Amino acid sequence: MKRLIMRGVFALSIFWSATIAMGAISSTEQLVRDGLEAEQNMQPMVALESFSAAAKMSPEDAFIQQKIAQQLSDAAFVETDPDKRMRLAQEAMPYAQRAVELDPQSAVARLSIAVLYGKYAVEGDARTRLEYARQIHENAEQALSLDPQYAWGYHVLGKWHIELSQLGFATRAIVNLFLGGLPKASVEQGVKSLEKAVDIEPEALSHWVELGFAYQRAKRIDDAVVAWEKALQLPTLKIYDGPAKQRATAALAAQRQS
């Protein structure tokens, strides 16, 4: 009888352990779904709460770690105070790096690091921007090596080429002397990268907006106008789409007045 009781207790403990584990999995999945819904609704801080709670239940989940980094990055994007923007970006970086540690094959996690270095650069002085430029390029290239069809990898790399191609001779000489140089940047490569982003993900209006500015830099004004007009025809789906449309609208207005 005692042996039967012990067997029953053991079986019951296994049952409850499995039930608790299944409940934890179910709760984590629900939190992730809630986070994704808030992200789709462009509510990064609401999404952050859900993903942070999910991370407590599944701390080794690379996807969740990257999502936390993304929400903080998106919150920095809409933040108007420069100091708060920088704090949010700095808070995001360890999560992006952790996501890469947990899943070294994740192109999304790797590109998150490039994006955050971009946010650091925006808030820094000229020397800081140039120092981070190398990190942006390196991580974007690594993301594309992991996923050659990753549109946002080409987007980031294209912007990098367009912005860095504007460095003057004197600035580039200083970079070479004090910062060890930078990879070669060109307008042509920037255009090619952004055209690739559009080819892969034509429904993403931000690709079209940046392609328009790349065409403008390449003095292909008619193509720039077409790209901006295309962007304005697409729906606003991401938190950064609204400001991108505003830039396209302003660029078209300026072009029509010129």
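Rule-based calculations on the coordinates, nothing more; no lab input. Keep in mind that this is a model prediction, so the values were computed, not measured. Note that each Cβ is placed from the backbone with ideal geometry, even for glycine, and that neighbours are counted across all protein chains shown.
In the neighborhood of Gln142, defined by Cβ-to-Cβ distances under 15 Å, what is the net charge if each Lys or Arg adds +1 and each Asp or Glu adds -1?
Spelling it out: positives minus negatives among the neighbours equals -3.
I'd like the Karplus ³J(HN,Hα) series for segment 225-233: coefficients 6.51, -1.76, 1.60, θ = phi - 60°, whole numbers in Hz, and an x wherever there's a Gly or Pro.
4, 4, 5, 5, 5, 5, 4, 6, 7
Sorting Tyr120, Tyr150 on the 10 Å Cβ count, fewest up front, what's the list?
Going from least to most buried by this count: Tyr120, Tyr150.
Expected output is a single nm value to one decimal: the length gained when fully extending between Glu79 and Arg256, i.e. 0.36 nm times separation in residues minus the C-alpha distance. What is it?
60.6 nm
Take the cross-link list Lys67/Lys192; Lys119/Lys192; Lys84/Lys196 and give me the ones stretching past 32 Å between alpha-carbons.
Table pairs above 32 Å Cα-Cα are Lys84/Lys196.
Apply the Karplus parameterisation 6.51 cos²θ - 1.76 cosθ + 1.60, with θ equal to phi minus 60°, to every residue of segment 97-107 and state each ³J(HN,Hα) to the nearest whole Hz, in sequence, with x for glycine and proline.
Per residue, the Karplus-derived 3J(HN,Hα) values read 5, 5, 4, 5, 4, 6, 9, x, 8, 7, 5 Hz.
Residue by residue, what Karplus-based ³J(HN,Hα) values in Hz, rounded to whole numbers, does segment 212-224 have, using 6.51, -1.76 and 1.60 with θ = phi - 60° and x for Gly and Pro?
After applying 6.51 cos²θ - 1.76 cosθ + 1.60, I find x, 5, 5, 4, 4, 5, 7, 6, 9, 5, 4, 5, 4 Hz.
Order of Ile200, Ile162 from fewest to most other C-beta atoms within 10 Å?
Fewest-to-most ranking of Ile200, Ile162: Ile200, Ile162.
Which FRET efficiency value, to the nearest 0.05, do you get for Ser186 and Ser27 by plugging their Cβ-Cβ distance into 1/(1 + (r/R0)^6) with R0 = 35 Å?
0.10
Most exposed first by the Cβ proxy, i.e. fewest other Cβ within 10 Å, how do Asp81, Asp74 rank?
In increasing order of surrounding Cβ atoms, one gets Asp81, Asp74.
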